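The values are calculated or read from the model by the stated rules, or taken from the named source; none is laboratory data. Computed from a predicted structure; not experimentally measured. Every residue, glycine as well, gets a Cβ built from its backbone with ideal geometry; the counts of neighbours run over all protein chains shown.
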């Protein structure tokens, strides 16, 4: 069988066969010549060809294959795919700003247990969150609050005799990455807002600016047993510390522009001086504080309206 272009087929057949081109072939060739002026696409045909017997020659056209995958169509597909990807990105990425109101607590040198509930303080903050896609978002935040501790809350008699207490005001700046576990879209394919609740986890880095003041009310006869470095007490210390905010949250997408949620986190601090006390207690153990609260945020850039 011989594969060739239709516009050159007649000449090739004449060179390879002594038989005349049948009327059926001539009719197809003339029809192609008329069509070729309107469409430049290549058409390839497969013809049965008997080179030596020549009794029937070229008697009919066996099959016509139209090839549609040319460069022009390929470029069209690429452009369409790029447009779809851009549209998806616009529909799933958006910006929101919000506030957090909650409680803070502490664990460190002046806390008998991990958390002393009686020393819980108020805290609040603001944040800006950018949703990259339904699964991942980033958040920059500023939180402020206070922590405190007092040996008078301890059940251990030795700690009560020690008589240490402190209070620290905090201002935290940080950035975290968030993974939305369920990866929900805010809008359906028809552009209708969808209510949903999704849990998320987060972790990041930050810095906290602390203003700590510690004091002791140890009995004079016990002073030498507990106070080894008096310079740590009765001094207002302003310091900054690196920390790693991490935690979990629950987010409820209520309305087109309103989102509420719950968030709980703990913040290991790369220092033992968050409470202002180190040498006089346990200098080998770092301090932590916690933040738990409610979040309320508003959508600033709505993918539905892009």
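Look through 267, 237 and report the one residue that is more than 20 Å from residue 150 (Cβ to Cβ), touching a strand residue (DSSP E or B) at 6+ places or on another chain (Cβ under 6 Å) and not in a loop (DSSP other than H, G, I, E, B). Criteria check complete, one pass: 267.
Identify, from the list 160, 165, the residue that is assigned to a strand (DSSP E or B), in contact with a helix residue (DSSP H, G or I) (Cβ under 9 Å, 6 or more places away or on another chain) and over 12 Å from residue 289 (Cβ atoms).
So the residue among 160, 165 that is assigned to a strand (DSSP E or B), in contact with a helix residue (DSSP H, G or I) (Cβ under 9 Å, 6 or more places away or on another chain) and over 12 Å from residue 289 (Cβ atoms) is 165.
Looking at 242, 250, which is the one that is modelled with pLDDT of 95 or more, farther than 18 Å from residue 119 by Cβ, within 20 Å of the chain's Cα centre (by Cα) and surrounded by fewer than 15 Cβ atoms within 10 Å (Cβ to Cβ)? Steps first, answer last, please.
Numbers: 242 fails: within 20 Å of the chain's Cα centre (by Cα).
The conditions single out 250.
Please specify each residue of the range 270-306 satisfying the condition of being part of a loop (DSSP other than H, G, I, E, B) and more than 30 Å from residue 109 (Cα to Cα). Once the filter is applied, which keeps residues that are part of a loop (DSSP other than H, G, I, E, B) and more than 30 Å from residue 109 (Cα to Cα), the range 270-306 yields 302, 306. Tallying residues that are exposed (fewer than 14 other Cβ atoms within 10 Å of the Cβ) and not in a helix (DSSP H, G or I) within the range 116-132 yields 1.
Within the range 181-204, does at least one residue satisfy the condition of being touching a helix residue (DSSP H, G or I) at 6+ places or on another chain (Cβ under 6 Å), surrounded by 14 or more Cβ atoms within 10 Å (Cβ to Cβ), under 30 Å from residue 226 (Cβ atoms) and in contact (Cβ under 8 Å) with a residue 60 or more places away in the chain? Lay out the reasoning, then the answer.
Just the residues of the range 181-204 that are touching a helix residue (DSSP H, G or I) at 6+ places or on another chain (Cβ under 6 Å), to begin with: 187, 191.
Remaining after also requiring surrounded by 14 or more Cβ atoms within 10 Å (Cβ to Cβ): 187.
Remaining after also requiring under 30 Å from residue 226 (Cβ atoms): none.
No - not one qualifying residue is present in the range 181-204.
What residue, of 147, 142, is at pLDDT 95 or above, in contact with a helix residue (DSSP H, G or I) (Cβ under 8 Å, 6 or more places away or on another chain) and not in a loop (DSSP other than H, G, I, E, B)?
Numbers: 142 fails: in contact with a helix residue (DSSP H, G or I) (Cβ under 8 Å, 6 or more places away or on another chain).
Being at pLDDT 95 or above, in contact with a helix residue (DSSP H, G or I) (Cβ under 8 Å, 6 or more places away or on another chain) and not in a loop (DSSP other than H, G, I, E, B) holds for just one of 147, 142, which is 147.
Note on the range 255-306: among residues that are at pLDDT 90 or above and under 18 Å from residue 93 (Cα atoms), the one that is surrounded by the most Cβ atoms within 10 Å (Cβ to Cβ) is 299.
Which of the residues spanning the range 77-109 are at pLDDT below 90, in contact with a helix residue (DSSP H, G or I) (Cβ under 9 Å, 6 or more places away or on another chain) and outside any helix (DSSP H, G or I)? Passing the criteria: 93, 94.
Only a single item in (1) in a strand (DSSP E or B); (2) at positive phi is not met by residue 183, and it is number (1).
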